[in-house]
1. Go ahead and run the numbers for FRET between S253 and A76, Cβ-Cβ distance against an R0 of 41 Å, rounding to 0.05.
2. Can you tell me the length gained on complete extension of the stretch R37 to D179, counting 0.36 nm per residue apart and subtracting the Cα distance?
3. Hey, can you rank 37-46, 111-120 by average C-beta count inside 10 Å, highest first?
4. In what sequence, highest mean first, do 255-261, 237-243, 163-169 appear when ranked by Cβ atoms within 10 angstrom?
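Bear in mind that the values in this text are calculations on the coordinates, not laboratory data. Bear in mind the structure is a predicted one, so any value in this text is a computation, not a measurement. Heads up, the Cβs are rebuilt from the backbone with ideal geometry, glycines too, and the neighbour counts pull from every protein chain shown.
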Amino acid sequence: MAAERRTGTQALHRAADLLAELARDAGAPRRIASIARALALPEPTVARLLGGLAEVGLVERLPHSLLWRLGPEIDALAQARPVLSPSFWREADAVLDEVADTTGGTVTLWLRSGDDRVCVRRADGVLAPDSVSVVRLDAASSDTSFIVDDGHDACPGDRAPLGIGAGGLVELAGLSAEDQGAIVGRLWPRILASEHMPRSEYDAQVDALREQGYATDDSHDWQHSFCTAVALTDAAGALIGDLVVVQRLELASVSRRLAAVQALQRAARRLAQSVSDRPYSASLR
């Protein structure tokens with residue numbers, strides 16, 4: 001019986017690790033061989049785990065393909081987390097629509113999940129940037145995939161690391177110095193590949209954002225877009241995630257950028273009051 005319990009626990013841990021692996025790199029579909037290499041498991045074991053998870057809708061295989069991704073039941077489980085009450089989601093939909101109407105841009109709500117941030121809501125204004133295709137490399141053939149971390153192409157379910165882009169930077173600035181240092185230490189190779197600056201300069205930038213209270217990113221010239229982001233906290237000031245608005249670069253005048261900051265800050269204050277009394281946990285796998 002004890003051996004059976006150990007075996008069952010091991011299977012649960014492997015299934016959890018598999019789901020976390022599928023969530024990496026913005027949830028890009030993966031092949032069994034790629035997952036097996038990442039988890040250091042035999043391919044038959046991974047195939048068996050995927051089959052079991054697929055039966056309950058937690059993963060799915062793309063039609064006419066050998067690629068696997070997270071399934072629809074993941075969304076249902078995420079929405080059922082009691083820490084964010086139904087009133088929070090109603091308020092989130094309302095404030096995102098309001099900010100989209102005020103700024104004319106694309107507004108996204110991201111929640112922190114461990115060292116990552118996950119897009120959970122999106123609203124498009126009448127002046128939102130035109131759609132741009134995003135290049136995602138097949139995870140089966142490469143260890144990297146590319147996603148515009150804050151861009152108007154971001155959709156619910158997309159995932160990006162903390163510390164990259166306006167939203168990732170403003171979240172990092174909202175953490176304690178200890179947590180910030182630990183996260184940057186773990187993610188530094190990915191941050192360096194994106195930000196291209198020495199660690200000392202990067203840390204100084206995050207410190208400046210902490211004082212400023214918001215972040216901007218005008219590095220998306222090829223997309224003709226401009227990002228503005230503010231951190232999202234609960235009523236006690238604990239970091240939850242971030243809010244981002246993306247505007248057309250040619251329309252992002254100084255006054256419009258200031259209006260976007262103010263709109264996001266108002267939205268963040270409203271959402272902070274909608275979080276349940278239970279502290280938000282970002283310790284997701």
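1. Numbers: r = 42 Å, r/R0 = 1.03.
In this case the efficiency is close to 0.45.
2. Taking 0.36 nm per residue and subtracting the Cα distance, the gain is 48.2 nm.
3. 111-120, 37-46
4. 163-169, 237-243, 255-261
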